[in-house]
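Worksheet for the structure shown next.
The values are calculated or read from the model by the stated rules, or taken from the named source; none is laboratory data. Just so you know, these numbers come straight off a predicted model, no measurement behind them. As a convention, Cβ positions derive from the backbone with ideal geometry for all residues, glycine included, and neighbour counts pool all protein chains shown. Accessible surface areas use protein heavy atoms only, side chains included; no ligands, DNA or RNA. Shrake-Rupley method; radii C 1.70, N 1.55, O 1.52, S 1.80 Å.
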Amino acid sequence: LTLREALLATARLRAPALAASATLLESRLAQVVTRLGLAHRLETRIGRMSGGERRRVALALELLTEPDLLILDEVTSGLDAAAERQVMATLRSLADEGLTIVCTTHTLETAELFDRALVLAGGHLVADGSPRELRERFALERLADLYGRLAEREPRAWAAERRPRPAAGADAQPRPRVELPGWRGLYQLPTLILRQLRLTAREGLGLVVLLAQAPVIAALIALAYDVSSPLGRAEVGFKL
């Protein structure tokens, strides 16, 4: 799919109120792609984009519905250093605008952009604090050197020395859960069908193989049996 098609499908599936207004939808779509530096790629197929752009596309699909929280798993895995910093800088700016972002990562070169880090080693929580607090505790100049320092002792020993932080927001009231009607899926069905048809039509060789299956199977049956005789027809019908 192109970026525009993917965004429109996401809006229709997950934000029907947004999709109901063409003006509002186009405004929100333009805001998201501009924010992520993808405005010039709206008509480009996602499969033809670079790795860094595809990570930003994934963010765009989530940001379109204006979430309060993003949970990301290895969002920069496999990216080069420049693309990784670009993605993490985007996340930092989104956090500055009030979005809560939780991100797991093995790459610490950009960890300085985080507000708070929880360090896990050997199944133990060995550290919890801001990047500055982590550097001070482990006597590091760069957080990227943390793995070497952790290897000097058993994770259990590091965990025993961790100073627990006071829980934040203990008095906050949870947001009410919104129950969606079960029949909502019926309205999503046309969007899902259209999206799948577009994907199938653009698969190239996969589409050719799909369309060729029926005649190929029929030809194989014709080669395997003599369907011109009554016995052959009966045999074919029985075997099928």
Restricting the range 75-112 to residues that are farther than 20 Å from LEU134 by Cβ and among the charged types (D, E, K, R), the one most open to solvent (accessible area, probe 1.4 Å) turns out to be GLU97
Of the residues that make up the range 58-71, is at least one part of a loop (DSSP other than H, G, I, E, B) and under 25 Å from GLU109 (Cα atoms)?
-> no
Which one of these does GLY52 not meet: (1) exposed (fewer than 13 other Cβ atoms within 10 Å of the Cβ); (2) under 19 Å from the mean Cα position of the chain (by Cα)?
-> (1)
Select the helices (runs of 4 or more DSSP H) contained entirely in the range 121-202, then report the ones holding at least 3 residues which are at pLDDT 85 or above and touching a strand residue (DSSP E or B) at 6+ places or on another chain (Cβ under 8 Å).
-> 131-138, 155-160
Working carefully through the options LEU38, LEU25, LEU13, LEU3, find the one that is open to solvent by less than 40 Å² (accessible area, probe 1.4 Å) and touching a residue at least 60 places away in the same chain (Cβ under 8 Å).
-> LEU13
Answer with yes or no whether GLU53 is acidic (Asp, Glu), outside any helix (DSSP H, G or I) and farther than 30 Å from GLU141 by Cβ.
-> no
In the range 115-145, residues that are over 17 Å from ALA159 (Cβ atoms) and open to solvent by 50 Å² or more (accessible area, probe 1.4 Å) total 9
